[in-house]
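Student: Dropping a structure here in structure tokens format, bear with me for questions.
The values are calculated or read from the model by the stated rules, or taken from the named source; none is laboratory data. Small disclaimer: the values here were computed from a predicted structure and weren't measured. Heads up, the Cβs are rebuilt from the backbone with ideal geometry, glycines too, and the neighbour counts pull from every protein chain shown.
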């Protein structure tokens, strides 16, 4: 459907929602009672300022993992993005999300297919009171279009750069559960600390996250900078950023950088490599005359995550995936840390 037509459909859907709401809105006193002690919430973010005037009853989420915040707090969204990475059974749900829905005895919400971007019409059809997108890649155009449907909470500073704590803070505040969100953060922090304590060899080791490695062409290597949420999670586990990665990250706001393999000696301060791939990737790194000189490759201190599996997906921490994958992930890193000693 052409974009102009699509926006017309969205506008029509928005007007329909507004009309239905007007027809069914309780008298002022009844509405006040329904909202309880709700005080309008104003949230500033990178794409604007959002005010939520009344208590949201119908919560929709777009983009990656935002639905996990309301679910973790016992609120089932009316619609959310289908999993398009790490969904090993193709049901649109990652396993930790499916487990939470089962725990809440809830049916699967409407799943938005975001293969080609946000499905604005599908979002509008769920008639949400608020749209959560604290961890997302929304453009200003996306935000403006969604805002025609309902108030939208976007990321605080950078697209796809919202740490898991901030994702919980922003999304929980938007649905009036800020205190519960803070309690969830504290609970996860305790769990992370307890797990890290089980694997003391991790503490103080330096790690880098290699990404998009082409085994057919190792003339260049790409890595996530300190701005990526995967590497941010390293610090939660007790790992440290190598000076080489930290210094490269200081000069950019990008989430990944590429460097010539001829400069691989710059990564001589890396104890552990985390990456996506199979045994063929490790074999290729080990056989390469340049990359094999990296201490982490030479010692075999490599955490090789299956990129399309739930385990690989959970390397990017989210409110529900942290508990699901934490011990397995820390164990793999610990094994790599032992080799680095």
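Student: Run residue 86 past the list (1) buried (at least 17 other Cβ atoms within 10 Å of the Cβ); (2) touching a residue at least 24 places away in the same chain (Cβ under 8 Å); (3) at negative phi and report the number of the one that doesn't hold.
Tutor: Single failed check for residue 86: (3).
Results for (1) farther than 26 Å from residue 40 by Cα; (2) in contact with a helix residue (DSSP H, G or I) (Cβ under 6 Å, 6 or more places away or on another chain), shown as yes or no for each residue.
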site	(1), (2)
61	no, no
64	yes, no
78	no, no
87	yes, no
91	yes, no
109	yes, no
113	yes, no
121	yes, yes
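Student: Right, another one. So, residue 173, is that one surrounded by fewer than 16 Cβ atoms within 10 Å (Cβ to Cβ) and farther than 26 Å from residue 224 by Cα or not?
Tutor: Details: surrounded by fewer than 16 Cβ atoms within 10 Å (Cβ to Cβ): no; farther than 26 Å from residue 224 by Cα: yes.
No, not satisfied.
Student: Going by the structure shown, is residue 162 more than 25 Å from residue 323 (Cβ to Cβ) and part of a loop (DSSP other than H, G, I, E, B)?
Tutor: In short, no.
Student: How many residues does region 171-225 hold that are touching a helix residue (DSSP H, G or I) at 6+ places or on another chain (Cβ under 6 Å) and without any contact (Cβ under 8 Å) to a residue 24 or more places away in the chain?
Tutor: 2
Student: Here is a check on your reading of the model: is residue 79 farther than 15 Å from residue 319 by Cα, at pLDDT below 95 and within 18 Å of the chain's Cα centre (by Cα)? Can you show your working first?
Tutor: Numbers: farther than 15 Å from residue 319 by Cα: yes; at pLDDT below 95: no; within 18 Å of the chain's Cα centre (by Cα): yes.
Taking the combined requirement at face value, the residue does not satisfy it.
Student: Looking at the structure I just gave you, is residue 303 closer than 20 Å to residue 203 by Cα and assigned to a helix (DSSP H, G or I)? Walk me through it before giving the result.
Tutor: Numbers: closer than 20 Å to residue 203 by Cα: yes; assigned to a helix (DSSP H, G or I): no.
Criteria not met by residue 303.
Student: Here are some residues: 319, 295. Which one is buried (at least 16 other Cβ atoms within 10 Å of the Cβ), within 18 Å of the chain's Cα centre (by Cα), on the phi < 0 side of the Ramachandran plot and not assigned by TED's automatic domain parsing to the domain that holds residue 97?
Tutor: 319
Student: Run residue 178 past the list (1) closer than 19 Å to residue 53 by Cα; (2) surrounded by fewer than 19 Cβ atoms within 10 Å (Cβ to Cβ); (3) more than 20 Å from the chain's Cα centre (by Cα) and report the number of the one that doesn't hold.
Tutor: (3)
Student: Report yes if residue 44 is more than 18 Å from the chain's Cα centre (by Cα), surrounded by fewer than 23 Cβ atoms within 10 Å (Cβ to Cβ) and farther than 28 Å from residue 161 by Cβ, otherwise no.
Tutor: Against the criterion (more than 18 Å from the chain's Cα centre (by Cα), surrounded by fewer than 23 Cβ atoms within 10 Å (Cβ to Cβ) and farther than 28 Å from residue 161 by Cβ), residue 44 does not qualify.
Student: Here are some residues: 281, 290. Which one is under 21 Å from residue 219 (Cβ atoms), modelled with pLDDT of 90 or more and out of contact with any helix residue (DSSP H, G or I) (no Cβ under 7 Å at 6 or more places or on another chain)?
Tutor: 281
Student: Among (1) farther than 17 Å from residue 181 by Cβ; (2) free of Cβ contacts under 8 Å to residues at least 40 places away in the same chain, there is one condition residue 74 misses while meeting the rest; what is its number?
Tutor: For residue 74, the failing item is (1).
Student: Also, quick follow-up: Residues in region 267-274: is at least one modelled with pLDDT under 95, more than 20 Å from the chain's Cα centre (by Cα), under 15 Å from residue 226 (Cα atoms) and not in a helix (DSSP H, G or I)?
Tutor: no
Student: Right, another one. Any idea which of 315, 264 is in a loop (DSSP other than H, G, I, E, B) and in contact with a strand residue (DSSP E or B) (Cβ under 8 Å, 6 or more places away or on another chain)?
Tutor: On the way: 264 fails: in a loop (DSSP other than H, G, I, E, B).
After ruling out the rest, the residue left standing is 315.
Student: Residue 62 - would you say it is within 17 Å of the chain's Cα centre (by Cα), surrounded by 13 or more Cβ atoms within 10 Å (Cβ to Cβ) and within 15 Å of residue 132 (Cα to Cα)?
Tutor: yes
Student: Among the numbered criteria (1) touching a strand residue (DSSP E or B) at 6+ places or on another chain (Cβ under 6 Å); (2) buried (at least 22 other Cβ atoms within 10 Å of the Cβ); (3) within 28 Å of residue 170 (Cβ to Cβ), which one does residue 329 miss?
Tutor: It is condition (1) that residue 329 fails.
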